[in-house]
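Novice: I have a structure here, written as structure tokens, and I will follow up with some questions on it.
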Amino acid sequence: MVSKERRKVKSDSLAAYVSRVRSEKQLTLIDVVTNSQMRLTDTWVSRVERGRIENPSMSKLEALASGLRVPAQELFDVCFGGKLEAQRQSFISSDCYLLHQMMETAPPGKRQMVAGMIRVLIDYLKTTVEK
């Protein structure tokens with residue numbers, strides 16, 4: 001069973017997350033290496049825990065997830081969750097801004113269509129925020 005604390009992965013740094021999971025599961029560095037099917041070294045895992053490696057490759061993250069016995073998506077959320085969410089919010093804000101600009105400059109016959117697009121985007125935002 002996954003602890004509630006581990007579900008709050010977005011607030012953890014990769015180093016803190018790896019250290020906490022290893023401690024919770026009482027895994028040694030060698031356990032993590034073995035569980036990863038030898039795709040990692042104990043030195044590499046130790047460097048991650050100490051914050052010396054902050055942007056590992058996707059293949060290393062997958063191996064680390066196996067080594068820690070956690071879902072790969074959880075580890076991806078730790079590394080990229082905040083960044084991806086910020087990019088998504090920026091993208092949505094850009095779309096809203098562009099649609100608003102279109103609304104102001106669109107000929108009267110097209111304004112209704114642009115207003116409809118804005119409503120669809122707002123409805124989408126409401127459903128994603130509620131999740």
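Novice: Using per-residue counts of other Cβ atoms within 10 Å, averaged over each peptide, order 63-75, 23-35 from highest down. Kindly include the intermediate steps, with their values, before the conclusion.
Specialist: Working: 63-75: 18.8, 23-35: 15.2.
Put in order of decreasing packing, that is 63-75, 23-35.
Novice: Any chance you could run the full-extension gain for Ala72 through Asn55? It's 0.36 nm times the residue separation minus the Cα-Cα distance, nm to one decimal.
Specialist: Length gained between Ala72 and Asn55: 4.6 nm.
Novice: Residue by residue, what Karplus-based ³J(HN,Hα) values in Hz, rounded to whole numbers, does the range 60-75 have, using 6.51, -1.76 and 1.60 with θ = phi - 60° and x for Gly and Pro?
Specialist: 5, 5, 4, 5, 5, 4, 4, x, 8, 6, 10, x, 4, 4, 5, 5
Novice: Which net charge results for the neighbourhood of Trp44, defined as the other residues with beta-carbon distances under 15 angstrom from its beta-carbon, given Lys and Arg at +1 and Asp and Glu at -1?
Specialist: Values: positive: Arg22, Arg39, Arg47, Arg50, Arg52, Lys60; negative: Asp31, Asp42, Glu49, Glu54, Glu62.
With Lys, Arg at +1 and Asp, Glu at -1, the neighbours total +1.
Novice: Over the range 4-79, what is the relative contact order in whole percent, taking alpha-carbon pairs under 8 Å and six or more residues apart?
Specialist: Working: 84 pairs, mean separation 32.1, N = 76.
The normalised contact order for the range 4-79 reaches 42 percent.
Laboratory data are not the source of any read-out in this text; all were calculated from the coordinates shown. If you're wondering where the values come from, they're calculated on a predicted model, not measured in any experiment. Positions of Cβ are backbone-derived with ideal geometry, glycine not excepted, and every protein chain shown enters the neighbour counts.
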